[in-house]
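Structure first, commentary second.
The values are calculated or read from the model by the stated rules, or taken from the named source; none is laboratory data. Computed from a prediction, not measured in an experiment: that's the story for all the values here. So basically every Cβ, Gly included, is an ideal-geometry build from the backbone, and we count neighbours across all protein chains shown. All accessible areas refer to the heavy atoms of the entire protein, side chains included, with ligands and DNA or RNA removed. Shrake-Rupley method; radii C 1.70, N 1.55, O 1.52, S 1.80 Å.
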Number of protein chains: 2
Amino acid sequence: MTNDKIYTNFNTDGAARRGEVTTPHGKFQTPAFMPVGTSGAVKGLISSDLEECGAEIILGNTYHLYLRPGTEIIKNQGGLASFNSWNKPTLIDSGGFQVFSLQDLSKISDEGVEFRSHHDGSKHMFSPKRVVEIEHEIGADIIMAFDQCVPFPADRTLAEDGVRRTFDWAKICKTTHDELNSQRDSKLSLFGIVQGSTYNDLRTLSAEQLISLDFPGYAVGGLAVGESKAEMEDMLAHTVEQLPKDKPRYLMGVGYPEDILMAVSYGIDMFDCVLPTRNARTGYVFTSEGPLIYRNAENADDSSPLDPNCDCKVCQRYSRAYLRHMYNQSEITGMVLATYHSTYFFQKLMQGIRAAISENRFDSFRSDFLSKYQPR
Amino acid sequence: MTNDKIYTNFNTDGAARRGEVTTPHGKFQTPAFMPVGTSGAVKGLISSDLEECGAEIILGNTYHLYLRPGTEIIKNQGGLASFNSWNKPTLIDSGGFQVFSLQDLSKISDEGVEFRSHHDGSKHMFSPKRVVEIEHEIGADIIMAFDQCVPFPADRTLAEDGVRRTFDWAKICKTTHDELNSQRDSKLSLFGIVQGSTYNDLRTLSAEQLISLDFPGYAVGGLAVGESKAEMEDMLAHTVEQLPKDKPRYLMGVGYPEDILMAVSYGIDMFDCVLPTRNARTGYVFTSEGPLIYRNAENADDSSPLDPNCDCKVCQRYSRAYLRHMYNQSEITGMVLATYHSTYFFQKLMQGIRAAISENRFDSFRSDFLSKYQPR
């Protein structure tokens with residue numbers, strides 16, 4: 001079974017790509033940033049907030065949703081989009097990253113990962129076949145193959161092992177997916193995930209193996225896991241070169257605005273990261289001038305908005321002083337406000353990136369953005 | 001100095017009153033329910049949510065705001081309305097209820113209450129003069145006299161003591177307030193608080209004493225503190241009879257929809273209570289059919305909205321199953337959704353009450369509401 005083509009490229013600007021991905025729940029524009037809604041909610045936001053912020057696709061997690069509320073309930077409730085009232089595209093990660101991170105709670109073999117729930121210690125098994133079945137039960141638009149993401153640093157043997165297993169499992173995922181997809185009217189898209197740690201030749205091998213399976217999109221996994229920014233850039237540049245031009249490319253778990261700009265320059269189309277949302281809840285937002293630790297005492301009596309150049313509804317109405325007070329009081333209203341702002345900021349960044357690529361001025365957009373933005 | 005008249009009565013329906021209160025930040029319609037924003041935020045909601053829900057006045061707390069962020073910052077930030085971006089009326093409670101509740105942390109005398117901060121143990125003194133000064137620094141529209149709310153049950157000596165002290169302090173509050181008010185352009189309104197526990201004659205005495213000071217509005221304090229519903233109703237009926245008809249009447253800390261309807265029938269104009277917001281965060285919302293414990297397992301796979309008769313944005317998009325899942329995951333998105341719904345529900349109830357009084361059909365509105373609403 002050949003996968004339908006889901007990616008349309010509008011134009012390129014250097015290696016940066018302006019395009020569109022089509023899913024059962026509609027199209028989203030690329031490059032795109034997906035806010036993370038692990039358990040079916042972007043923490044602190046409701047669907048209309050995400051719509052206001054301009055998000056066109058969000059991310060969920062198979063591991064979390066499988067454990068709670070469970071696929072039975074999500075299925076009964078009409079699938080994830082109906083359950084969480086997000087009627088636009090959703091991508092769900094396979095949960096591989098999570099079950100491999102469980103450490104003492106998991107046992108890895110060629111068959112898959114046996115793990116215990118972090119909720120109640122109950123035993124579960126994720127095999128590549130079972131994961132794709134679960135993903136189909138959850139019913140997101142884009143689903144991810146079950147891969148093995150090795151920790152950083154990984155010695156060559158471990159990295160080779162991860163690549164081999166990722167390929168073996170990708171084949172099972174693909175077969176399972178094709179069969180399940182043939183039974184449904186609206187077709188999901190299964191993406192392969194390129195592994196290979198920091199070894200160029202392993203990255204090449206992993207990409208070639210996955211491409212042989214003809215996925216409709218490819219993710220770059222195993223980056224932003226602790227390596228240096230230079231290592232990440234090298235590995236990304238090398239990996240993207242191996243990927244087909246007519247399919248979307250997704251860099252998992254990235255990242256900071258400066259990393260997104262870097263990755264876009266190599267031709268990445270999709271991103272996800274908890275940074276804008278998780279950090280917002282702990283007193284840290286992103287602004288056009290750089291990260292702002294709004295919880296710091298220096299903001300206690302500062303009447304300026306989080307970001308003087310932002311037109312979001314938070315920056316229009318609320319001061320740093322108020323946000324800092326909210327943080328001090330552990331008020332969830334403050335978490336909501338900060339999360340809204342940072343989510344809006346990331347979506348505006350992507351809109352700016354897309355407009356710049358369309359007009360063949362991505363490089364100047366990037367340097368202009370970075371000239372004002374001070375990373376920490 | 002005579003207080004400006006702030007209350008306009010439009011009509012009465014039995015003892016129920018339809019009116020309007022004018023403040024520096026605009027008018028609000030009565031009977032009114034004030035969502036509680038103790039520390040300057042209604043937990044989980046932002047100002048635009050409150051506006052959408054139809055709230056016209058919210059409540060803050062002097063004790064909490066005095067300790068954090070402190071009056072200096074609120075003053076510097078342009079007063080409470082500017083600080084928390086709520087550009088409609090706000091009432092702040094004096095904090096008396098809080099400092100008296102601190103128990104081991106407080107020392108009560110005729111001069112006031114010496115207490116230790118629950119944040120850092122630092123020592124503070126609330127005298128009636130100081131409280132009104134703080135209230136003026138915070139700059140809400142309606143401020144409350146510093147009273148002594150005795151616990152329930154209170155023996156007669158303790159209740160008498162509370163009434164005496166409440167009157168002594170009310171005089172000091174009034175003098176301080178009149179002086180501070182004369183120095184400002186937009187005038188705040190100081191309300192007196194009737195005490196007297198469950199003793200009819202003490203309630204009468206307290207009301208007479210406060211009325212002699214000519215406050216622009218009167219609150220009924222010391223109810224809903226543990227007495228039975230019948231006792232509360234008796235005491236309320238008796239107390240309201242003592243109050244002037246041309247001033248707003250505020251029943252503090254009430255309450256459940258059925259209690260609000262009861263109190264409106266005796267002529268109460270203003271209410272506040274943490275129930276719709278606090279309970280929402282712990283898995284309990286109010287609906288037209290009665291309270292719904294949405295955290296309960298029976299809702300796990302229920303696709304119906306929290307309230308089938310509600311047109312709020314939460315009930316239009318989200319199911320009980322989703323809310324129950326959010327609760328199970330301690331997701332703040334769920335707290336936001338539940339708080340929004342219950343806040344909307346209370347405001348709709350007040351709108352219904354106001355429309356019914358306007359059309360002289362309050363009794364049938366009340367019995368119609370209660371025929372569908374099952375209190376727990």
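When each of the peptides B:67-74, A:354-361 is scored by how many other beta carbons lie within 10 Å of its residues on average, the order from highest to lowest is B:67-74, A:354-361.
Taking amide H positions as modeled 1.01 Å from N, with prolines and chain starts lacking one, the residues under 5 Å from B:GLY253 and 5 or more places away or on another chain are B:ASP272. Among the DSSP beta bridges whose two residues both lie in the protein assembly as shown, what percent are antiparallel, rounded to the nearest 5? So the antiparallel bridges in the protein assembly as shown amount to around 50 percent. With its label point defined 7 Å out from Cα along the Cα-to-Cβ axis, A:GLY26 lies at 3.1 nm from the matching points of the other copies, in increasing order. Across region B:157-277, the relative contact order, built from alpha-carbon pairs under 8 Å that are at least six residues apart, equals 21 percent. Computed from label points 7 Å out along Cα-Cβ, the spacing between B:GLU231 and B:HIS124 is 3.0 nm. Distance in whole Å from the A-onto-B rotation axis to the closest C-beta of chain A, together with the residue it belongs to, please. Nearest-to-axis residue on chain A, with distance in whole Å, is A:ILE332, 2. Between this copy and the others, label points of A:LYS107 are 6.4 nm apart in ascending order, each placed 7 angstrom from Cα in the Cβ direction. Distances between copies of B:ASN296, taken at a point 7 Å out from Cα along the Cα→Cβ vector and listed shortest first: 5.0 nm. Only beta bridges with both residues in chain A are counted; by DSSP, about 50 percent of them are antiparallel.
Note down the net charge around B:PRO244, summing +1 for each Lys or Arg and -1 for each Asp or Glu among other residues with Cβ under 13 Å from its Cβ. Combined, the nearby Lys, Arg, Asp and Glu give 0. Scalar couplings 3J(HN,Hα) for region B:369-376, obtained by applying the Karplus form with A = 6.51, B = -1.76, C = 1.60 to θ = phi - 60°, are 4, 6, 6, 9, 9, 9, x, 7 Hz; x denotes Gly and Pro. Only protein atoms count toward the accessible area here, which uses a 1.4 Å probe; on region A:2-105, the carbon and sulfur part of that area reaches 45 percent.
Where the centroid of each part is defined by its Cα atoms, how far is region B:48-111 from region A:61-118 in Å? So the two Cα centres are separated by 43 Å.
Region B:269-310 and region B:165-185 have Cα centres separated by 41 Å. Sorting the segments B:36-44, B:126-134, B:225-233, A:334-342 by their mean number of nearby beta carbons within 10 angstrom, highest to lowest, gives A:334-342, B:36-44, B:126-134, B:225-233.
Highest mean packing comes first when the peptides A:57-64, A:179-186 are listed by Cβ atoms within 10 Å, giving A:57-64, A:179-186.
Taking the Cα centre of region A:280-319 as origin and assigning +1 to Lys and Arg Cβ atoms and -1 to Asp and Glu Cβ atoms, the resulting dipole is close to 260 debye. Here the contact order of chain A, divided by its residue count and restricted to Cα pairs under 8 Å and six or more residues apart, works out to 18 percent.
With a 10 Å cut-off around each Cβ of B:40-49, the average count of Cβ atoms from other chains is 6.
Electrostatic bookkeeping for B:SER319 treats Lys and Arg as +1 and Asp and Glu as -1; over the other residues with beta carbon under 10 Å from its beta carbon, the sum is +1. Solvent-accessible surface of chain B, taken per residue with a 1.4 Å probe and all protein chains present: 36 Å². Buried surface between chains A and B: roughly 3600 Å² of accessible area, summed over both sides, computed with a 1.4 Å probe on protein heavy atoms only. Measuring heavy-atom accessible area with a 1.4 angstrom probe and counting protein chains only, the residues of region A:69-107 that give up at least 40 Å² relative to the chain alone are A:ILE73, A:GLN77, A:PHE83, A:SER85.
In this label model, B:GLU241 and B:LYS171 are separated by 2.8 nm, measuring between points 7 Å along each Cα→Cβ vector. Taking only protein heavy atoms and a 1.4 Å probe, the accessible area of region B:286-376 is 43% carbon and sulfur. Comparing Cα centroids, region A:346-369 and region B:318-376 end up 45 angstrom apart. Summarising the strand pairing of region B:108-230, around 50 percent of its internal DSSP beta bridges are antiparallel. Taking a Cβ cut-off of under 13 Å around B:CYS273, the surrounding Lys, Arg, Asp and Glu residues balance to a net charge of -3, with basic ones at +1 and acidic ones at -1.
For the protein assembly as shown, the cysteines with no partner cysteine C-beta closer than 4.7 Å are A:CYS53, A:CYS149, A:CYS173, A:CYS273, A:CYS312, B:CYS53, B:CYS149, B:CYS173, B:CYS273, B:CYS312.
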